[in-house]
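A.B. asks: Below: one structure in structure tokens.
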Amino acid sequence: MATRSRIKTLKINGRDVSAHEDETILDVAMEHGVFIPTLCQIEGLTISGACRLCLVEVAGWRRLVPACATHVEEGMEINTDTERLRNYRRMIIELLFSEGNHVCAVCVSNGNCELQALAQRLGMDHVRFTNLQPVRLVDMTHDRFVLDRNRCILCLRCVRVCDEIEGAHTWDVKGRGSEARVVSDLATPWGDSATCTSCGKCVNVCPVGALVKKGRAIGEMVKRQDFLPYLSNMREVKK
Amino acid sequence: MTKVSVATVWLDGCSGCHMSLIDMDERLIDLADQIDVVYSPLVDRKEYPDWVDVALVEGAVSSTEDFEKIKKIRAHTGILVALGDCAVAANVPAMRNPFKVEDVMARGYFETAAIQHQVPCEVVPGLLPVVRPIHEVVKVDVFVQGCPPSADTIHYVITELLAGRAPVLYDRTRPGA
Ligand code: SF4
Ligand code: SF4
Ligand code: FES
């Protein structure tokens, strides 16, 4: 009986590549050393497709597609680095800066921040949009950690890691659009949480200075993310 | 050879960008052959000249004085460089923006002051309702991020401009650098 080939051949930036059908465009790009910027995606958690930074062009498709959330298909011709994509990516980064309160100079994550690093890599020299200066509350009620919503980019890595890996599901999102905020339990103080195990996984996967350890001074908050692929692989093996 | 005229301006910033400028050390001596610093907190001239080729502006636009100054500078300057995060993004000075000016004044001059509880009404310029980055008030030609940008970055910017090139900065500096 003839079985469908599970290996797909496609092109990335004009280069012929092959990939397993389970792989996403981002997986293949990374295997071949092609850089696609990402923020919400992190190895070891489910895909969310929230940040749209990884948008790529596929020849013949009218829409841009998120590389992290799109599986490879036979004959795809993908472009990851065009003028249009560079413009959109810069715009997305600038919008993230303008809708929160980011003051890198006095941020605990200065120098160790994925948003800041991408802003630099993607060539943001200033933010063209007026800062919204939203009022966002800081939660300092936890013994060891702080949630500073001023820096949050709503990537939802914290929500996913807490639910999928730790199994506590402390985090959720309340509100919509520019009012959306990360909240613990039913929007109660983090320090009072009955579900939080204080494992610190959310703090370490948070790409920015939103979830941090208490008592860190400017630039002192360094995240450790190496545990994540390890833990999620262990789960796969068990399955 | 006529020298390129340069102004350095200090709006609402901590003067850190000017410290970084001075931190170019002996490279300033070489630059002195090519540029003439015609207006600066570092030179004794009170009025902005009729024409300046390059202005390096530190700080955000926070007060009525900053606002008037930057308008005037723009009108009398060739290349306007926003120097540092306060100039580029309003940065730390803008952290007062979520609060009303009266509340900010009350905090600074009453609640946290041990003596002399009064709001200054002479000499000191009034605060604008919101602190803004320079490009939201006048056109900016070159954005130099960093808090402060390093002496090397500033040196690069000046030498590139002197050579008639637009500085390419993303691999040299970043917000908060
Ligand atoms: S979270 Fe990152 S981008 Fe935001 S202020 Fe902190 S260092 Fe800057
Ligand atoms: S707190 Fe951090 S991990 Fe959670 S959504 Fe905000 S930026 Fe993402
Ligand atoms: S990384 Fe793909 S949408 Fe965020």
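A.B. asks: Does A:Lys201 fit the bill of being closer than 30 Å to B:Cys147 by Cβ and either within 14 Å of chain B (Cβ to nearest Cβ) or more than 16 Å from ligand 3 (Cβ to nearest atom) (or both)?
C.D. replies: no
A.B. asks: List the strands (runs of 3 or more DSSP E) that sit entirely inside the range B:28-105 and contain at least 1 residues that are within 14 Å of chain A (Cβ to nearest Cβ).
C.D. replies: B:52-58, B:61-63, B:77-83
A.B. asks: If we scan the range A:87-100, do we find a residue that is near ligand 3 (Cβ under 10 Å from one of its atoms), assigned by TED's automatic domain parsing to the domain that holds A:Asp148 and out of contact with any helix residue (DSSP H, G or I) (no Cβ under 6 Å at 6 or more places or on another chain)? Give the derivation first.
C.D. replies: To start, the set of residues in the range A:87-100 that are near ligand 3 (Cβ under 10 Å from one of its atoms) comprises A:92.
Among the residues that remain, those that are also assigned by TED's automatic domain parsing to the domain that holds A:Asp148 are: A:92.
If we keep only those that are out of contact with any helix residue (DSSP H, G or I) (no Cβ under 6 Å at 6 or more places or on another chain) as well, we get A:92.
Yes, there is a match, as at least one residue in the range A:87-100 is near ligand 3 (Cβ under 10 Å from one of its atoms), assigned by TED's automatic domain parsing to the domain that holds A:Asp148 and out of contact with any helix residue (DSSP H, G or I) (no Cβ under 6 Å at 6 or more places or on another chain).
A.B. asks: Sticking with this one: If you check A:Gly33, A:Gly49, which single one turns out to be assigned to a loop (DSSP other than H, G, I, E, B) and in contact (Cβ under 8 Å) with a residue 12 or more places away in the chain?
C.D. replies: One residue alone meets the criteria, A:Gly49.
A.B. asks: Report yes if A:Gly75 is part of a loop (DSSP other than H, G, I, E, B) and free of Cβ contacts under 8 Å to residues at least 24 places away in the same chain, otherwise no. Give the derivation first.
C.D. replies: Working: part of a loop (DSSP other than H, G, I, E, B): yes; free of Cβ contacts under 8 Å to residues at least 24 places away in the same chain: no.
So A:Gly75 fails the test.
A.B. asks: Only one of (1) closer than 24 Å to A:Leu55 by Cβ; (2) more than 16 Å from ligand 1 (Cβ to nearest atom); (3) acidic (Asp, Glu) fails for A:Asp163. Which number is that?
C.D. replies: Against the list (1) closer than 24 Å to A:Leu55 by Cβ; (2) more than 16 Å from ligand 1 (Cβ to nearest atom); (3) acidic (Asp, Glu), A:Asp163 comes up short only on (1).
This table checks each residue for (1) in contact (Cβ under 8 Å) with a residue 60 or more places away in the chain; (2) not acidic (Asp, Glu).
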position: A:Asp163; (1), (2): no, no
position: A:Lys174; (1), (2): no, yes
position: A:Glu179; (1), (2): no, no
position: A:Thr188; (1), (2): no, yes
position: A:Asp192; (1), (2): no, no
position: A:Lys214; (1), (2): yes, yes
position: A:Gly219; (1), (2): yes, yes
position: A:Lys223; (1), (2): yes, yes
position: A:Met234; (1), (2): no, yes
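A.B. asks: So, of the residues in the range A:59-72 that are part of a loop (DSSP other than H, G, I, E, B) and either within 16 Å of ligand 2 (Cβ to nearest atom) or under 22 Å from the mean Cα position of the chain (by Cα) (or both), which turns out to be nearest to the other protein chains (Cβ to nearest Cβ)?
C.D. replies: First, the residues of the range A:59-72 that are part of a loop (DSSP other than H, G, I, E, B): A:59-64, A:70, A:72.
Within this subset, residues satisfying the condition of being either within 16 Å of ligand 2 (Cβ to nearest atom) or under 22 Å from the mean Cα position of the chain (by Cα) (or both) are A:63-64, A:70, A:72.
Numbers: A:Arg63: 29, A:Leu64: 23, A:Thr70: 28, A:Val72: 31 Å.
The residue in question is A:Leu64.
A.B. asks: I would also like to ask the following. Pull up the range A:134-157, narrow it to residues that are closer than 16 Å to A:Cys107 by Cβ and within 14 Å of chain B (Cβ to nearest Cβ), then point me to the one that is nearest to ligand 3 (Cβ to nearest atom).
C.D. replies: A:Arg151
A.B. asks: Same structure again: For the range A:97-126, which positions are within 8 Å of ligand 1 (Cβ to nearest atom), in a helix (DSSP H, G or I) and either more than 7 Å from chain B (Cβ to nearest Cβ) or polar (S, T, N, Q) (or both)?
C.D. replies: A:Phe97, A:Glu114, A:Leu115, A:Gln116
The values are calculated or read from the model by the stated rules, or taken from the named source; none is laboratory data. Since the structure is predicted, the reported quantities are computational estimates derived from the model, not experimental observations. Cβ sites come from the backbone with ideal geometry, for glycine too, and all protein chains shown count toward neighbours.
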